[in-house]
Amino acid sequence: MLMFWRAAAVLSAAFLIGCGQGDERHHKYKIGVSVYQADDIYISEFREWMAASVKEKEAAYGVTIVMNVADAAGVQSLQNDQVDKFISQGYDVMCVNMVDRTAAAVIVDKAKLADIPVVFFNREPVQEDMARWSKVYYVGGKAEQSGVMQGEIIADLFQNHGELVDRNDDGVLQYVMLEGEPGHQDALLRTEYSIATLTRRGVRIEKLANDTGNWQRSQAKEKMSAWLAEFGGAIEVVFSNNDSMALGAVEALREKGYNLPDCDKQVIVIGVDAIKAAMEAICQGALYATVLNDAKSQAQGVIDIAYSVASTGEALSAVPGFDGKYLLLDYRPVMREDVKEN
Ligand code: GAL
């Protein structure tokens, strides 16, 4: 009998310790993040929102969340290695901003084998890859909406204040298009829908030039300088797939005496993202407008889903619009009157 109780006591102590350890384990979550390129300004602001959201979750639930961010530096094989590391180190969930959005199958298969869910964000994997496993999610913006909004803003301006755009007064809008990375869903759809919207609104257009600036300010500045040398004052509007490139265009314009404060030589430049530097440029009047690519809500969505799946095994999000697999968020036009002057 005594033997029995001793054994029972040892067993229950072991059980208690086991429970204790289990509880401990479940109060700490490890999120592994890999971003395609850490020096991308929009992505760096997105990371800041992710970190803020992690802090909020820790405070709200009294848990510890370790979020480690790796920079894939534009190299897909490096990102695959980072994923391998997260898996071997027993991370609870991974958040991946693909370098090559067509190459997600490898990552999905590795994650599935290790049973570690993946929340992709900002660079949308193709549908076939998203369908390879149920614990794979995507958070991003409704890309075509951002193009439509750019088109609407410029059509409004052209139709209501033509004198500010149509500098040669020929009734046609002459434009150049700075495109993001080739193959990126946002670059393709913004380019297409901004122009389709102008046409739908009945604005007569003439494309002077288009080229990729790969989302980067310096590359966009170079393209814009070359276009200014070629077309000079004939460029009436610069459509840019993002703000960093729009700011590069503004730099090139300013070097040639355009878009300076209190100067009437103004070329209309429009971007997407609403990064901090773009808000300042809108305030100064150098950038006409942008479209908010809601990094705060998207980052909250990523962390919501990641935390939910890590802590309960189920993917839920408090950010409205999540269908259990995709969370696609709305864009919003940002005009000068929306930007608070500080
Ligand atoms: C886009 C954003 C760009 C760039 C890109 C990276 O959504 O507008 O500025 O950050 O994502 O994938």
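Rounded, prolate or oblate: pick one for region 143-292, where a ≥ b ≥ c are the square roots of the eigenvalues of its C-alpha gyration tensor, a/c under 1.5 means rounded, and failing that, prolate if a/b is larger than b/c, else oblate.
Values: a/c = 1.30, a/b = 1.03, b/c = 1.26.
Cα axes put region 143-292 in the rounded bin.
Using a Gaussian network model of the chain with C-alpha springs under 10 Å, which one of Ala196, Ala249, Ala278 is most mobile by mean-square fluctuation?
Ala196
Only bridges whose two residues both fall in the chain count here: according to DSSP, what percent of them are antiparallel, nearest 5?
Roughly 10 percent of the beta bridges in the chain run antiparallel, per DSSP.
Short version: ³J(HN,Hα) in whole Hz for each residue of region 85-92, in order, from phi by Karplus 6.51 cos²θ - 1.76 cosθ + 1.60 (θ = phi - 60°), x for Gly and Pro, what are they?
Computed from phi, the couplings for region 85-92 are 5, 4, 5, 5, 8, x, 5, 7 Hz.
Taking the Cα centre of the chain as origin, sum charge times position over the Cβ atoms of Lys and Arg (+1) and Asp and Glu (-1), and report the length of that vector in debye to the nearest 20. Write down the numbers at each step before the final one.
Numbers: 33 positive and 49 negative charges, 228 e Å.
Roughly 1100 debye, rounded to the nearest 20.
Which angle between 0 and 90 degrees, to the nearest 10, do you get for helix 243-255 versus the longest principal axis of the chain when only C-alpha atoms count?
For 243-255 against the chain, the angle is about 30 degrees.
Under 5 Å between amide hydrogens, which residues at least 5 positions from Asn242 or on another chain qualify, with H placed 1.01 Å from N in the peptide plane?
Hits under the 5 Å cutoff: Val272.
If I build a Gaussian network model for the chain, linking alpha-carbon pairs within less than 10 angstrom, which residue out of Val136, Val33, Val75 has the largest mean-square fluctuation?
With Cα springs under 10 Å in the chain, the top fluctuation among Val136, Val33, Val75 is at Val75.
Per DSSP H run of n ≥ 4, the term is -39500 (n - 2.57); total these for the chain, divide by its residue number, and report the mean residue ellipticity at 222 nm rounded to 500 deg cm²/dmol.
Values: 12 runs with 167 residues, N = 342.
It comes out at -15500 deg cm²/dmol, rounded to the nearest 500.
Is the shape of the chain best called rounded, prolate or oblate, per the rule: a/c under 1.5 gives rounded, else a/b larger than b/c gives prolate, else oblate, with a ≥ b ≥ c the square roots of the Cα gyration tensor eigenvalues? Write down the numbers at each step before the final one.
On the way: a/c = 2.95, a/b = 2.65, b/c = 1.11.
Here the chain falls in the prolate category.
Tell me the angle of helix 104-114 to the major Cα principal axis of the chain, expressed in degrees between 0 and 90 and rounded to the nearest ten.
So the inclination is approximately 10 degrees.
Please figure out what share of the DSSP beta bridges in region 143-292 is antiparallel and state it in percent, rounded to the nearest 5. Don't skip to the end; give the middle numbers.
Numbers: 0 of 16 bridges.
DSSP beta bridges in region 143-292 are roughly 0 percent antiparallel.
For the pairs Lys207/Lys256; Lys142/Lys340; Lys223/Lys265; Lys57/Lys325; Lys28/Lys276, flag any whose C-alpha to C-alpha distance is greater than 31 Å.
Numbers: Lys207/Lys256 21 Å; Lys142/Lys340 26 Å; Lys223/Lys265 20 Å; Lys57/Lys325 21 Å; Lys28/Lys276 33 Å.
Where the Cα-Cα span goes over 31 Å, the pairs concerned are Lys28/Lys276.
If you plug each phi of region 226-239 into the Karplus form 6.51 cos²θ - 1.76 cosθ + 1.60 with θ = phi - 60°, what whole-Hz ³J(HN,Hα) values come out, in order, with x for Gly and Pro?
Rounded to whole hertz, the list is 5, 5, 5, 5, 7, 10, x, x, 6, 6, 9, 9, 10, 8.
Need one value: the accessible area of Asp170 in square angstrom, 1.4 angstrom probe, rounded to the nearest 10.
We get 60 Å² for Asp170.
Positive end of the charge dipole of the chain (Lys, Arg +1 and Asp, Glu -1 on Cβ, about the Cα centre): tell me which of Gly202, Gly141, Leu188 has its Cα farthest that way.
Gly141
Towards the positive end of the charge dipole of the chain, with charges on Cβ (+1 Lys, Arg; -1 Asp, Glu), say which of Gly271, Val309, Ser77 has the farthest Cα.
Val309
Do any trypsin sites (Lys or Arg not before Pro) in region 274-342 lie in a DSSP loop with no more than 15 other beta carbon atoms within 10 Å, and if so, which? Walk me through the intermediate numbers first.
On the way: sites: Lys276, Lys296, Lys325, Arg336, Lys340; in loops: Lys325, Lys340.
Answer by residue number: Lys325, Lys340.
List the aspartates and glutamates whose Cα lies under 19 Å from the Cα of Lys221, skipping any in the same chain that are fewer than 8 positions away.
Counting by Cα, and skipping residues close in sequence, Lys221 has these aspartates and glutamates nearby: Asp39, Asp40, Glu179, Glu181, Asp211, Glu230, Glu236, Asp243, Glu251, Glu255, Asp273, Glu280.
Accessible area of Arg47, 1.4 Å probe, to the nearest 10 Å²?
Here the residue's solvent-accessible area equals roughly 80 Å².
Report, in whole Å, the centroid distance computed from the Cα atoms of region 305-329 and region 280-301.
Cα centroid to Cα centroid, the span is 25 Å.
List the aspartates and glutamates whose Cα sits under 14 Å from the Cα of Lys85, skipping any in the same chain fewer than 8 residues away.
Reachable aspartates and glutamates: Asp71.
How high is the relative contact order of region 143-292? Use alpha-carbon pairs under 8 Å, at least six apart in sequence, and give a whole percent.
On the way: 303 pairs, mean separation 35.8, N = 150.
So the answer I get is 24 percent.
Amide H neighbours of Thr102 under 5 Å, at least 5 residues apart or on other chains, H built in the peptide plane: list them.
none
Send over a whole-number figure in Å² for the accessible area per residue of the chain, probe 1.4 Å. List each step's numbers first, then the result.
On the way: 15950 Å² over 342 residues.
The answer is 47 Å² per residue.
Within a Cβ distance under 14 Å of Val203, other residues only, what is the Lys/Arg minus Asp/Glu net charge?
On the way: positive: Arg200, Arg201, Arg204, Lys207; negative: Glu152, Asp156, Asp166, Asp170, Glu206, Glu236.
Result for the local shell: -2.
The values are calculated or read from the model by the stated rules, or taken from the named source; none is laboratory data. Note that the structure is a prediction, hence the values are computed from the model and not measured. Cβ sites come from the backbone with ideal geometry, for glycine too, and all protein chains shown count toward neighbours. For the accessible areas, the whole protein counts, side chains as well, though only heavy atoms, and no ligand, DNA or RNA atoms are used. Shrake-Rupley method; radii C 1.70, N 1.55, O 1.52, S 1.80 Å.
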